[in-house]
Amino acid sequence: MTSSINQVYPVIWHNNSVSLIDQTRLPNEYTFVEIHRSEDMAQAIKTMIVRGAPAIGVAAAYGMYLGAREIETGDRHEFLQHLDKVAQLLRSTRPTAVNLFWAISRMLKAAYETLGTVEDIKQILLQTAQAINIEDLQTCHAIGDNGLAVLPTTPEKLTLLTHCNAGALATAGYGTALGVVRSAWREGRLERVFADETRPRLQGAKLTTWECVQEGIPVTLITDNMAAHCMKQGLIHVVVVGADRIAANGDAANKIGTYSLAIAAKAHNIPFFVAAPLSTVDFELTDGSKIPIEERDPTEIYQVGDTILTPGGVDFYNPAFDVTPAELITAIITENGAIAPGELVKSQPQHSKLLAE
Ligand code: MRU
């Protein structure tokens, strides 16, 4: 087990390269992987060394800079052509989290809009990646604090159920759903977190519990199929989850299992919040049916360690995300406050228009 870590930053620009916390090794090992090249960043995103929508956006932004740094030409046009290929590679890593595409578009826009030498563009790209990193951290703090205003007022100390990991590890730091947890804990509003284990990759069991333990926040791990039972028993006061992509009508894609959690919350009259930055909203998509859902390797569901769980002759289906319809979401907690899903379009920030360009 690791000793207590004060601040968790999964993506750090350090010594001219990127240090990523290796999330595939937590909770048993707290180690970093050094990334020097864009191909290695693409691989790290694909293999989930770094994961979580905002965190892969930040990682991809640095990946763009690393790719730019590798381009040797001094010719601006040729440079931008190569940079487009780096963008293509990074975009091909994971399809669902829109922050990835948003961050890459913002990096490309910065490059195309910079007049001057190729070296000038490279400098701007590094600055833009660092800005995306810092802004996400600030955004998460705002989301956490905005969550306080909408949490149920009774009882004074709440039990909060979350799914997957929408914590510091999944963002630049602090977290979205776990940002709300951290702010509620700080204000004395939280009794305990219930963490779904989150099959098949176990982000809840391995990562969310780890973050809670680092902060001294009481946490109870349950398997995913226990959530409705816990709600019926009155153990859960509120549900807060993150999101990978939210459509303009408020339908929200998040880790597989979120949708059934929302249905169970509705059935038990428990508020169900999605905590996410506005960069997770894809204003180009009218509704959630158009959100691309990643399908991952079936070994994730039929193999645990070296043990194969099933007999031969079984077929598999392993969607990594599902879409919760807007009508099951009480509100979306953003850096600009909690917004009713139907009101999202009114808060479209200028930077979200990047995806359309
Ligand atoms: O497959 P993952 O681990 O990248 O999925 C992560 C999630 O589904 C998170 O809940 C989501 O990205 C929000 S992170 C703030």
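The values are calculated or read from the model by the stated rules, or taken from the named source; none is laboratory data. Source: prediction; values computed, not measured. Virtual Cβ from ideal backbone geometry, glycine too; neighbours counted across all protein chains shown.
A few remarks follow.
- The set of residues in region 1-39 being acidic (Asp, Glu) and in contact (Cβ under 8 Å) with a residue 24 or more places away in the chain consists of Asp22, Glu29, Glu39.
- Residues that are over 23 Å from His141 (Cβ atoms) and of a type in the set (S, T, N, Q) within region 253-282 comprise Thr258, Ser260, Asn269, listed in sequence order.
- Leu285 falls short of the stated requirement of being closer than 20 Å to Glu135 by Cβ and not assigned by TED's automatic domain parsing to the domain that holds Ser105.
Here's the yes/no breakdown for (1) surrounded by fewer than 15 Cβ atoms within 10 Å (Cβ to Cβ); (2) within 16 Å of the ligand (Cβ to nearest atom); (3) closer than 30 Å to Asp322 by Cβ:
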site	(1), (2), (3)
Ser92	yes, yes, yes
Ile104	no, no, yes
Ala111	no, no, no
Thr117	yes, no, no
Lys122	no, no, no
Leu126	no, no, no
Ala129	no, no, no
Ile134	yes, no, no
Leu137	no, yes, yes
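- When we screen Leu207, Leu202 for residues that are under 27 Å from Asp136 (Cβ atoms) and in contact (Cβ under 8 Å) with a residue 40 or more places away in the chain, the only hit is Leu207.
- Within region 303-330, restricting attention to residues that are among the aliphatic types (A, V, I, L, M), within 30 Å of Ala340 (Cα to Cα) and part of a loop (DSSP other than H, G, I, E, B), the residue that is farthest from the ligand (Cβ to nearest atom) is Ile329.
- Index of the failed condition, Ile12 passing every other in (1) surrounded by fewer than 24 Cβ atoms within 10 Å (Cβ to Cβ); (2) within 15 Å of the ligand (Cβ to nearest atom): (2)
- From the options Asp244, Asp251, Asp282, residue that is within 14 Å of the ligand (Cβ to nearest atom) and in contact with a Leu (Cβ under 9 Å, 6 or more places away or on another chain): Asp282
- Check on Ser260, surrounded by fewer than 16 Cβ atoms within 10 Å (Cβ to Cβ), small (Gly, Ala, Ser), more than 13 Å from the ligand (Cβ to nearest atom) and not in a loop (DSSP other than H, G, I, E, B): no
- Condition check for Glu300: part of a helix (DSSP H, G or I), under 28 Å from Asp145 (Cα atoms) and among the acidic types (Asp, Glu): no
- Taking residues in region 159-181 that are over 19 Å from Tyr9 (Cβ atoms), and partners anywhere that are in a helix (DSSP H, G or I) and within 9 Å of the ligand (Cβ to nearest atom), the pairs with Cβ atoms closer than 6 Å and at least 6 places apart or on different chains are Thr162/Ala177; His163/Thr258; Cys164/Gln203.
- Pro292 exposed (fewer than 15 other Cβ atoms within 10 Å of the Cβ), in a loop (DSSP other than H, G, I, E, B) and free of Cβ contacts under 8 Å to residues at least 24 places away in the same chain: no
- Every listed requirement among (1) loosely packed, with under 14 Cβ neighbours inside 10 Å; (2) without any contact (Cβ under 8 Å) to a residue 60 or more places away in the chain; (3) within 16 Å of the ligand (Cβ to nearest atom) is met by Phe272 save one, (1).
- Any helices (runs of 4 or more DSSP H) falling wholly within region 153-240 and containing at least 2 residues that are within 20 Å of the chain's Cα centre (by Cα): 177-186, 209-215
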